[in-house]
Structures are given as C-alpha cells and as structure tokens.
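Accompanying notes for the structure given below.
The values are calculated or read from the model by the stated rules, or taken from the named source; none is laboratory data. Source: prediction; values computed, not measured. Ideal geometry is used to build each Cβ from the backbone, glycine not excepted, and the neighbour counts take in all protein chains shown. Surface accessibility is based on the protein's heavy atoms, side chains included, excluding ligands, DNA and RNA. Shrake-Rupley method; radii C 1.70, N 1.55, O 1.52, S 1.80 Å.
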Amino acid sequence: MSAPSTHDVLGTTVTMPVEIRHARCFVAGFTADTAAVTRAIDAQSARPGILRPLRIRPGRTMCMLVFVDYVDGDLGPYNEFGVCFLVEDPTAPPASPVRAVRSLLKGDARALVHRLPVDGEFTLAAGRGIWGFPKTLAEFDVDHSSATRHGRLVADDALIADLSVKPGIKVPDSTADTVLHAYSQLDGITRMTPWRLTSTGGTRTRIGGARLTLGDHPIADELRSLRLGRHALMSSSVDRITMRFEDPTLV
C-alpha cells in the first residue's frame, strides 16, 4: 500500500484523510432560481457549464445553508457556514426533475460548496490549500444546544445571515458509511472531494421550520439575487457527526 499523502499547512503536516471525530450542524434548504444559481456557479469557473444545478422542478434548484461546529477533528475546533448548491453529476446527461428528486431521496447528493466562511486561520489555510474550498474569515454567534438552533454570521462588520431552525422529527441514528461528492471552485479551478460520512446521531428533520434574515454583506446580497423561496423547503439538525475528507481530484 502507498503511504498516505501529506500537506504542509502553516508549518504543520496534515495527513490524509482528515478525520472529524465530532461535529454538529443545522441546515435549512431553500429553493432557488436555477438561472441565477447557474450564473453564480459559472462566475467562479474557468470552464462555465461544467457544473449544472440540480433541477427539482422547472426553473428551481436547491440552496442549502448550513452552520457546522467542528468540535473535535484533525484541523482543530472551528465554526463554519456553508452556502451549498445541489448539482448534477458532470459526467452524466442532465437529469429530469423527477429523476433528481429520486436521486435525493436515495441520498445520492452532489453539492457545490459555493461560500464557506469560517472562524479559524488554520482551517482557512487548509481548506483553500488542500481542497480548494472558498473559505473566508467571519465572526460566529451560534447556539447548537437549544431546541431551536440559531446562528448569526458577521464579516467586515456587516451581517451575512441570521438563521434559526426549529426542532423536527427524530431520525434513527446511522453508522452507514456513505460517500458524498463535494465540489469546490477556487481561482477558476473546479475540484471534487470524496466526503465520507461515517456516522450520525441525534438527527431531527422536518418540512419548513427555518427563519432566515439576510444582512447587507455582499454574500447576503448574492443570496438575495438567487430569489430564495420565502420559506424553507426543509430543515434539519444533527447532534453528532463523524466524517472523513479525502484528497480532491480535478474536474
């Protein structure tokens, strides 16, 4: 067997894969205008059209907003906020909305991590340098412990987003080893990272259940331009997640 790959991050050696032994999160999924999301994706790529939004119905795709607290992992503790678009497999023909929904129900999700503010210098350097994730610095005020989860995100003294997620119906814990596909775009380069989800516990999910307020930061302005649905299509919270990030490949 070949030796695991390593990366130098701010003078520290990071050995692949990166293990996350405990994280927790809450997420809200909103429908978004497909044409607007396509423009946002293509603006970050040297090869426009390589990634296509997943159409869940004519003219609409999905935008996921997620707060994650990395409690114990190889990159240290930090907070993260993701703006993620569900996308199609770039190697396959475009999917119909019916086939797209079936794919989602089976858990075969592919997501482009479009924006990724964090609150740690080390994870920022690792995310950008190893996986090409578009990490930037921001300030977090997050509650992952109350029944209603809440996160507020500020950067450059401007509000990006304030998100609350109400409790949903409990979902059975899982130890299934599931590989998801996380895409990233940085400096015009598109990458795909295998994101191996190894266990989840304390998951609750529901239809709707989220309240979103956008501020006056440029990321907030971009989210408004996507014509998000007035109400979340779904929301979830997870108390404990273990996962593993592999090396990326170029797309």
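Below is a table of values for the structure above.
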| item | result |
| --- | --- |
| Square roots of five times the Cα gyration tensor eigenvalues for the range 84-224, Å | 25, 23, 17 |
| Packing-based order for 224-235, 136-147, using average beta carbon neighbours within 10 Å, highest first | 224-235, 136-147 |
| Stokes-Einstein D for the range 195-251, Kirkwood Rh over Cα pairs, 25 °C, 0.890 mPa s (µm²/s) | 169 |
| 1.4 Å probe accessible area per residue over the range 153-243, in Å² | 51 |
| The range 16-165, accessible surface, carbon-and-sulfur percent (1.4 angstrom probe) | 53 |
| Relative packing of peptides 114-127, 192-205 - highest average C-beta neighbours within 10 Å first | 114-127, 192-205 |
| Rounded accessible area per residue of the range 1-142, 1.4 Å, Å² | 44 |
| Amide H contacts under 5 Å for Thr190, placed H, 5+ residues apart | Val251 |
| Unit charges on C-beta of K, R, D, E only; dipole of the chain, Debye | 1360 |
| Karplus 3J(HN,Hα) series, Hz, for the range 6-19 with 6.51 cos²θ - 1.76 cosθ + 1.60 (x for Gly, Pro) | 10, 9, 8, 10, 6, x, 10, 7, 10, 9, 8, x, 7, 9 |
| Computed [θ] at 222 nm, deg cm²/dmol, the chain (DSSP H ≥ 4; -39,500 (n - 2.57); rounded to nearest 500) | -3500 deg cm²/dmol |
| Cα-based equivalent ellipsoid of the chain: semi-axis lengths in Å, sorted from largest, via gyration tensor | 24, 22, 20 |
